[in-house]
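Readers should treat all values here as calculations from the given coordinates under stated rules, not as data from a laboratory. Just so it is clear, the structure is predicted and the values come from calculations on it, not from any experiment. Here the Cβ positions follow ideal geometry from the backbone for every residue, glycine too, while neighbour counts run over all protein chains shown.
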Ligand SMILES: NC(=O)c1ccc[n+]([C@@H]2O[C@H](COP(=O)([O-])OP(=O)(O)OC[C@H]3O[C@@H](n4cnc5c(N)ncnc54)[C@H](O)[C@@H]3O)[C@@H](O)[C@H]2O)c1
């Protein structure tokens with residue numbers, strides 16, 4: 001069947017992006033809006049979320065900012081409910097919110113472990129669960145989870161973070177299998193080293209060490225990741241589910 005070059009168009013669709021006040025989430029929200037989607041900006045940082053929502057509105061799309069800590073079930077359910085009541089439906093969920101609390105294994109506190117697992121992994125579970133209820137009724141939907149290459153290959157100092165992201169990849173595959181009969185695609189992206197406030201926290205030495213190993217010889221941009229998320233959220237990826245696409249400039253290529 002011939003596919004038009006507009007198979008990535010998202011006119012009339014409604015998306016939620018978690019953690020979209022800044023960084024990769026903000027670029028994903030802008031990418032979805034540029035393709036025609038209305039986008040709910042959700043974040044713990046409500047001021048940042050409102051600023052992003054204003055930028056989306058300026059693109060001519062409907063947008064609203066919702067404060068939501070993805071680790072809180074009630075807040076995530078409220079986010080989905082508000083989206084459906086305000087914008088009428090939910091076609092795309094991007095579980096992007098994530099944090100790091102780095103430390104070597106022997107020095108890592110339970111608090112560091114729990115906080116990262118709560119936001120990165122449980123938050124993704126709660127988002128999938130709340131969105132699935134709406135998408136199953138619609139018999140259509142796309143969920144894209146933001147994992148990380150550390151969840152595939154590990155990274156010293158990130159026992160908590162890499163375990164959470166490996167969990168996101170496995171969760172993605174299981175949910176993809178459960179929801180495939182309902183017409184819902186569930187995929188993940190695994191970014192490598194992307195220039196955001198998250199990686200700006202790393203020492204210059206650690207950043208330089210990453211850059212040296214990247215075949216494409218540069219850090220990724222939030223837009224590099226957003227383009228792939230938008231593809232997975234679109235009809236162009238209708239026959240892809242349970243996949244984890246690596247976006248890392250070749251860093252983990254074998
Ligand atoms: N930057 C990278 O190199 C890189 C690499 C691989 C994966 N990732 C993943 O990409 C995603 C986005 O990362 P980023 O680099 O843009 O980070 P960032 O720190 O710049 O942005 C993360 C956003 O999530 C929000 N957030 C934090 N905790 C939250 C919570 N409990 N509920 C809702 N929102 C919350 C923050 O307020 C912030 O706006 C994360 O899942 C991260 O793990 C990033």
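Data overview
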item: Mean separation of Cα contacts under 8 Å (6+ apart) over length of region 14-246, as relative contact order %; result: 20 percent
item: Per-residue Cβ neighbour rank within 10 angstrom, fewest leading, 244, 68; result: 244, 68
item: Dimensionless Rg ratio for region 1-127, taking C-alpha atoms and the 2.2 N^0.38 Å reference; result: 1.16
item: Computed label-point distance, nm, for sites residue 107 and residue 235 using a 7 Å Cα→Cβ extension; result: 5.4 nm
item: Nearest-ten-degree value, helix 46-58 long axis tilted from longest Cα axis of the chain; result: 50 degrees
item: Rounded tilt (10° steps) of 123-138 against the dominant C-alpha axis of the chain; result: 20 degrees
item: All-pairs Cα distance distribution in region 129-217, expressed in whole percent, bin size 10 Å; result: 15, 38, 25, 16, 5, 0
item: Tilt relative to the chain, helix 204-213 - C-alpha long axis, 0 to 90 degrees, to 10; result: 70 degrees
item: Mean Cα-pair separation over length for region 56-154, i.e. relative contact order, pairs under 8 Å, 6 or more apart, %; result: 35 percent
item: Separation of alpha-carbon centers, region 118-176 and region 43-78, rounded to whole Å; result: 20 Å
item: Ranked 32, 59, 251, 10, criterion: other C-beta atoms within 10 Å, fewest first; result: 59, 251, 10, 32
item: Residue-averaged [θ]222 nm for the chain, counting only DSSP H segments that reach four residues, each worth -39500 (n - 2.57); result: -13500 deg cm²/dmol
